[in-house]
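Heads up: the structure comes next, in structure tokens.
The values are calculated or read from the model by the stated rules, or taken from the named source; none is laboratory data. Because the structure is a prediction, the values reported are computed rather than measured. In this analysis, Cβ positions are derived from the backbone assuming ideal geometry, glycine residues included, and neighbour counts consider all displayed protein chains. Side chains are part of the model used for accessible areas, which takes the heavy atoms of the whole protein and leaves out ligands, DNA and RNA. Shrake-Rupley method; radii C 1.70, N 1.55, O 1.52, S 1.80 Å.
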Amino acid sequence: MKAIIKYTFLILFLLTGHLALQAQQSGYIRILPKTMEKNGENLNIEMTLDMSNLLIRKTESRIYTPILVSVKHKKEIELPVVIIKGSRRYKADHREDVLSGRPLFTPANHPNTRNSSIYAVEKYNRNNRIPYHTSIVYKDWMGEASLKLREDVYGCCGKLLRTVMHQNTIQETDKQYDDIHPKFCYITPEKEQEKKRYEIGKAYLDFPQGKSTIDPLFRNNRQELDKINQMIVMLASDPDVSIKSIEMRGYASPESSQSFNYNLSSRRAMAMRDYFAHLTTLIPANLYQVGSGGEDWDGLTSLLMDYPVSHRNEILNIINTVQDLDLREDRIKNVGGGAPYQQIYRDLYPQLRRVDCQINYIVRNFTIDEGKERIRNKPKMLSQNEMYQVARTYSEGSDDFNQTLVTAQKHFPDNDAANLNAAIVALSHKDVELAEAYLSQVKNTKSPEYANSMGILSTLKGDYNVAEVYLKRAQAAGITEATHNLNELNRLRTQKGNMYPTQKDSKSSPDMNSRSSNRKRITIDGEVFVKENE
């Protein structure tokens, strides 16, 4: 019976708490537990991994291994791992998967995951949340178990940089924010005059050295050409789309002279254009355009970052400092007696001989009913304004309403309106960390809608003076919701016995009262006020 009580207590910890994992100079990942309960013969564990505060280098990979531990019984079991990869690492591993047919970062390749299966492999996206659910056979010792998390950080070439064991990370309760009922001010996004979109496909064609002729039967060319053809046919057949142009841009590996490779890459782009112009009649020939990318030094640099070759740093330094491309190549050939160049020439240069295909198109406008349908299967086709109009058909704060606004932020991550509206969704759930992450991406911090949201955020954090500055700014700009939020703020101050000075009090001289030594000056957008130190 005692074990059952402790087990239930642990479940309450998981339901009300959160796991914040601090990493060295890299932010932290939040584990948001939902349930951990015995169901028949199994133990079901459900949680969410939140990356809003996690920072990962482009060449890094992180393996997160949840571990169920019973100190009393000296038992533990590893749960399926989650692998998060930086953008460059993810791209390099995907290329390796395609070329070799075997994935990297598998349990067989890395001892730290040899006893665990892989739950998910995700490309790092700071706004992403990964739902996690697993089920294991229940054992009696699990009734008094707790969770800890191992973080394995890998750098270039799969080198293990560090392992951090995060222990005692299940908190009994999360921060209990004040009971406030704010009013939010959403932003209606501007309409797009023309919904311009594009898709990019990369065809890693196998060209014999110095050649530009496309042979569909040569090596892996058929698969690469089919990939581009499917993209063209899909868009050309879509009644919602009008294709404006198809750009073919060729690239070459750096052997031979710069001028020769520039012309070679152009000929490869023209060969690609001619191939598809004759393959399908869906696209008028005059819509095809060609361009030359010349020698793909950027691509070589990216590949070298994750490629095991001697004198790599010396080669990268030559690439970064020698401006004359022909001289650059000659110097690389002589590094280490020539052996590193031969290795790069054999393994990396073939991956640089490619043609990129960019399809530029315009999407027609949708009615609200059409938008509801498209947002489920073709969200990229909608404008942000169309997504917002879809959201407004649902009750404010409902799951459908909130999910639509979050979807808009995902597809328009650099847009102020998208970030502000997504921040409000987070604030409505009192998810302070996520709201702060969205608001940190807003560029126009002078807007009254931003001020209202920052006022609510500061109120939740207990920064009442900061909240007052923002809310009064929003109120002065005509945001009626800010008046309600100021009333809520004043109600909280009254409840707390005026523990925090008002804005009027904060302007008094530090020498005018005995509490001055316990105050600190804070500046917000040029406005100075004083806050009691907690």
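For segment 358-463, trypsin sites (Lys or Arg not before Pro) are listed when DSSP marks them as loop and at most 15 other Cβ atoms sit within 10 Å of their Cβ; the list is ARG364, ARG392, LYS443, LYS446. Separation of segment 364-427 from segment 298-325 is 43 Å, based on Cα centroids. Close amide-amide hydrogen proximity is noted between ASP206 and ASN220, ASN221, each under 5 Å apart and 5 or more residues distant or on a separate chain (H modeled in the peptide plane; Pro and chain starts excluded).
Taking each of LYS75/LYS159; LYS85/LYS202; LYS461/LYS496 in turn, the alpha-carbon distance tops 23 angstrom for LYS75/LYS159. Restricting the calculation to Cα atoms, segment 298-442 shows an Rg/Rh of 1.26 when the hydrodynamic-style radius is the Kirkwood one. The string of couplings for segment 459-468 from the Karplus curve (6.51, -1.76, 1.60, θ = phi - 60°) is 5, 4, 7, x, 8, 5, 5, 4, 4, 5 Hz, one whole number per residue in order, with x for Gly and Pro.
Modelled spin labels at ARG392 and ASP274, positioned 7 Å past Cα toward Cβ, are 5.4 nm from each other. Projected over every direction and averaged, the convex hull enclosing the alpha-carbon atoms of segment 209-347 yields 9.8 nm². Net charge of the neighbourhood of GLY201, taken over other residues with C-beta under 13 Å away and scored Lys/Arg +1, Asp/Glu -1, is -1.
On full extension, the segment bounded by LYS58 and HIS133 gains 24.3 nm, given 0.36 nm per residue less the C-alpha separation. Per residue, segment 310-372 exposes 49 Å² of solvent-accessible protein surface, assessed with a 1.4 angstrom probe and all protein chains in place. Ligands, DNA and RNA aside, HIS133 has an accessible area near 90 Å² when probed at 1.4 Å.
A simple spin-label model places the labels of ALA476 and ASN39 5.5 nm from each other, with each point 7 Å out along Cα-to-Cβ. The label-point distance for LEU217 and ASN320, in a model that sets each label 7 Å from Cα toward Cβ, rounds to 4.7 nm. Calculated FRET efficiency, HIS484 to ASP238, Cβ-Cβ distance, R0 = 56 Å: about 0.80 to the nearest 0.05. In segment 292-379, the portion of solvent-accessible area held by carbon and sulfur atoms comes to 45 percent [1.4 Å probe, whole percent, DNA, RNA and ligands not counted].
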